[in-house]
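For reference, the structure discussed in these notes is given below.
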Amino acid sequence: MAREDMRLVEVMAMSEKARTETVAFLEEEGLEYTVSDDTRDADATARISFPVSAHRVESVQTGLTERDIASEIYTVVDNPETIVSARFDDGGEEAAGARVASYQRVSRSELHSKAADLIPNAVVYTILTAISAIVATAGVLLESRSVMVGSMVIAPLLGPSMATSVSTVIDDRDLFVTSVRYQLTGTAIAVASAVGFALLVRYTGAGGDGFDVTEVLEVSSHTSPTMLLVAVALCAGVAGAVSLSTSGVTSLVGVMIAAAVMPPLGITGVGVAWLRPVVVAGSLAVVLLNVLAINLGATITLWYFGYHPRNWSDLQKTRSVMLRRTLVAITVIGALVLFLTELPASGLSIHV
């Protein structure tokens, strides 16, 4: 039988105590394991390997830590493509738990690692963000949904948004600062690229003689029902959190997240180039609203899934930080909803 929701854990025990305590713990947990002795000191050090369900990795790591051997072991968690063994059966506590709840979350440390790994190289991030913004702007000018979808596939937006939410829930200030900086600089790069490309199209006449920007800007999403925009962005954040915390495919969720951000960025570029202030204000407001709603949805989902600290003092601190950031996000989202609701009624029309 093959099991795809498993992890292969290797514990490198660097002392006789660590070896003994690790083996004793695995025996108590009913986990099957193998021990490879270190030829330099077979009586003291060893590598202990065992398969375990993804959702149990965190409890295993916690149990080993409580044995007071954290400074004497190295724990390596590998995510194999598949573990195949006839020793798996359909009974037992793990299988029962899987039947009760199909949601099988990864460990807290694995989530942290996955989120940090999603932060791309700064140069690559800059290039892909600029290209995706240019493609989105071209899609707006061409009134082509397929081109805009292409910009969503390119956009490297998943990593920074998910890392912001993960760092909030697990209280990693360094990762939070890095991910927020990526989101801010990415937005600035995208806007600059979109504006530059739109200006190039306008003043070189690349749009053709019969080009009607008024008709193009009718696709501006700031005239859409605002609460629907919020709902889409929140769902994108929830989907990203669920995918990241399980073995789901994050790349597809990344396209969904980009779908909430890239089209209004393209419209911003066109609005600036053709001097449409209301369109610019509305599309930028939609970008900010969507980014905040994505982060909010992911943060609340990860907290609900139990990725917050277990220690009471750490939990209180993290909860306080999370609540402050959540309240700020909700307040700004509420203000943007009101702004977008009133914007079409202003004295400036987008059809000028």
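The values are calculated or read from the model by the stated rules, or taken from the named source; none is laboratory data. This is a predicted model, so every value here is computed, not measured. Please note: Cβ atoms are built from the backbone with ideal geometry, for glycine as well, and neighbour counts cover all protein chains shown. Ligands, DNA and RNA are excluded from the accessible area calculation, which covers all protein heavy atoms including side chains. Shrake-Rupley method; radii C 1.70, N 1.55, O 1.52, S 1.80 Å.
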Those residues of region 298-317 which are at pLDDT 90 or above and among the polar types (S, T, N, Q) amount to Thr299, Thr301
In region 123-141, is there at least one residue being more than 18 Å from Leu288 (Cβ to Cβ), out of contact with any Gly (no Cβ under 6 Å at 6 or more places or on another chain), outside any helix (DSSP H, G or I) and open to solvent by 10 Å² or more (accessible area, probe 1.4 Å)?
no
Can you find even one residue in region 286-306 that is open to solvent by less than 10 Å² (accessible area, probe 1.4 Å), closer than 17 Å to Val195 by Cα and assigned to a helix (DSSP H, G or I)? yes
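For (1) within 22 Å of Thr185 (Cα to Cα); (2) modelled with pLDDT of 85 or more, each residue gets a yes or a no:
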position: Thr214; (1), (2): no, no
position: Leu229; (1), (2): no, no
position: Cys235; (1), (2): no, yes
position: Leu244; (1), (2): no, yes
position: Val280; (1), (2): yes, yes
position: Leu296; (1), (2): yes, yes
Answer yes or no as to whether Ser167 is more than 30 Å from Trp274 (Cβ to Cβ), free of Cβ contacts under 8 Å to residues at least 60 places away in the same chain and either in contact with a helix residue (DSSP H, G or I) (Cβ under 7 Å, 6 or more places away or on another chain) or crowded, with 24+ Cβ neighbours inside 10 Å (or both). yes
Note on region 244-285: residues surrounded by 24 or more Cβ atoms within 10 Å (Cβ to Cβ), more than 12 Å from the chain's Cα centre (by Cα) and not in a helix (DSSP H, G or I) are Arg276
Being farther than 15 Å from Ser251 by Cβ and hydrophobic (A, V, I, L, M, F, W, C) narrows Val149, Val153, Val123 down to just Val123
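State all residues of region 11-70 that are part of a helix (DSSP H, G or I) and either on the phi > 0 side of the Ramachandran plot or small (Gly, Ala, Ser) (or both); if no residue qualifies, say none.
Ala18, Ala24, Ala54, Ser59, Gly63, Ala70
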Scanning region 307-328 residue by residue, those open to solvent by less than 10 Å² (accessible area, probe 1.4 Å) and assigned to a helix (DSSP H, G or I) turn out to be Thr318
Considering region 72-104, residues that are at pLDDT 70 or above and either among the charged types (D, E, K, R) or more than 29 Å from Thr45 (Cβ to Cβ) (or both), and then whichever is nearest to the chain's Cα centre (by Cα), we arrive at Asp78
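Listed here are the residues, each with its yes/no results for (1) crowded, with 16+ Cβ neighbours inside 10 Å; (2) within 29 Å of Thr246 (Cβ to Cβ); (3) at pLDDT 85 or above; (4) of a type outside the set (A, V, I, L, M, F, W, C).
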| position | (1), (2), (3), (4) |
| --- | --- |
| Arg7 | yes, yes, no, yes |
| Met14 | yes, no, yes, no |
| Thr34 | no, yes, yes, yes |
| Asp38 | no, no, no, yes |
| Asp41 | no, no, no, yes |
| Arg47 | yes, yes, yes, yes |
| Thr62 | no, yes, no, yes |
| Arg67 | yes, yes, no, yes |
| Ala70 | no, yes, no, no |
